[in-house]
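J.: Take this structure first; my questions come after.
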Amino acid sequence: FKLVNDSFGYDYGNMLLLQLAERFTRCLTEEDFLARTEGDEFAFFFSNVEDANDVMTVIAEINRVLEKPFLLEQYELHVTASIGVAISSEDTDEADLLMKYADIALARAKEKGRNDFQIFNNDMKSVSINRLKLENELRRALVNEEFVLYYQPQVDIESGRIVGVEALIRWNHPEKGMVAPNHFIPLAEE
């Protein structure tokens, strides 16, 4: 949507939203609900979805209605969806909690490269909490100058000559010691 709005203006973005909403209604029964929650995000409530198999059927239907290109005057656009799913249970039947879990699952789907779906599970809660903790620790590390810069020489094997250097950032955590780069670099880059 950002690309559509930036390229053609908000009128085209609004046309696309209306067409999306119309197509999404094709996926619903009389007992289901659809709402636009914000920007380009929609929330569905399906009353007869009980397990992962039912979810797969619904996701296939949503993707099916998105297959055909959208027409915005003379322009054809293809749209894909990232989908986060929360399934109601005896433990989670409150709307706020279901929305929160679906949002966590949506964030995971987007992390995996978009045009994907994720079904919420309890492991995602701890991943989200750990991610939030790590983000806060990274901010503190910047303030406390806990990052250390290393230069790794790049050597020509035949001549043995140094032909360049690679700059590597490392995190010297006051309690954990040196933190593995794969543990913090992706979040720091984001």
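The values are calculated or read from the model by the stated rules, or taken from the named source; none is laboratory data. Keep in mind that this is a model prediction, so the values were computed, not measured. Neighbour counts are summed over all protein chains in view; Cβ atoms, including those assigned to glycine, are modelled from backbone coordinates with ideal geometry. Just so you know, the surface numbers come from the protein's heavy atoms only, side chains and all, with ligands and any DNA or RNA stripped out. Shrake-Rupley method; radii C 1.70, N 1.55, O 1.52, S 1.80 Å.
J.: What percentage of all Cα-Cα pairs in the range 93-158 are separated by more than 15 Å?
T.: When all Cα pairs of the range 93-158 are counted, 69 percent exceed 15 Å.
J.: Could you pull out every residue, at least 5 positions away or on a different chain, whose amide H is within less than 5 Å of the one on LEU72? Hs are placed 1.01 Å off N in the peptide plane, and Pro or chain starts have none.
T.: Here LEU77 satisfy the definition.
J.: In addition: What residue among SER82, SER128, SER159 shows peak mean-square fluctuation when the chain is described by a Gaussian network model with Cα springs under 10 Å?
T.: Of the options given, SER159 has the highest mean-square fluctuation.
J.: Suppose all protein chains stay in the model; what accessible area per residue would a 1.4 Å probe give for the range 1-93, in Å²?
T.: With the other protein chains kept in place, the range 1-93 gives 67 Å² per residue.
J.: A further question on this structure: Given the protein chains as shown and a 1.4 Å probe, how many square angstrom of ILE87 are accessible, to the nearest 10?
T.: Estimated to the nearest 10 Å², ILE87 gives 50 Å².
J.: Using only alpha carbon pairs under 8 Å that are at least six residues apart, calculate the relative contact order of the range 1-61 and give it in whole percent.
T.: Result for the range 1-61 is 20 percent.
J.: For the range 89-129, run through the GluC sites (Glu not before Pro) and keep only the ones in DSSP coil with at most 12 other Cβ atoms within 10 Å of their Cβ.
T.: GLU90, GLU94
J.: What relative contact order, as a whole-number percentage, does the chain give when Cα pairs under 8 Å and 6 or more residues apart are counted?
T.: It comes to 11 percent, rounded to a whole number.
J.: Sticking with this one: For the range 1-150, with all protein chains present and a 1.4 Å probe, just round the carbon and sulfur fraction of the accessible area to a whole percent.
T.: In the range 1-150, the share of accessible area belonging to carbon and sulfur is 50 percent.
J.: Using the C-alpha gyration tensor of the chain, what are the square roots of 5 times its eigenvalues, in whole angstrom, with the largest one first?
T.: 42, 25, 15
J.: Gap in Å between the Cα centre of the range 60-114 and the Cα centre of the range 128-190?
T.: What the calculation gives is 34 Å, centre to centre.
J.: Among GLU158, GLU175, GLU135, which one shows the highest mean-square fluctuation when the chain is modelled as a Gaussian network with alpha-carbon springs under 10 Å?
T.: For the chain, modelled as a Gaussian network with Cα springs under 10 Å, the answer is GLU158.
J.: Just to verify a number: what accessible area does LYS100 come out at with the full protein assembly present, 1.4 Å probe, Å² rounded to tens?
T.: Rounded to the nearest 10, that gives 110 Å².
J.: What figure in square angstrom, to the nearest 10, would you give for the accessible area of ASP123 with a 1.4 Å probe?
T.: ASP123 has an accessible surface of roughly 110 Å² with all protein chains in place.
J.: At 1.4 Å probe size, with every protein chain present, just tell me what the per residue accessible area of the range 127-185 comes to in Å².
T.: Averaged over the residues of the range 127-185, the accessible area is 78 Å².
J.: Build a GNM of the chain with springs between Cα atoms under 10 Å: which of PRO153, PRO174, PRO69 gets the top mean-square fluctuation?
T.: Result: PRO153 has the largest fluctuation of those listed.
J.: Taking 4 °C and 1.567 mPa s as the conditions, I'd like the Stokes-Einstein D for the range 10-86 in µm²/s, using the Kirkwood hydrodynamic radius from alpha carbon pairs.
T.: 97
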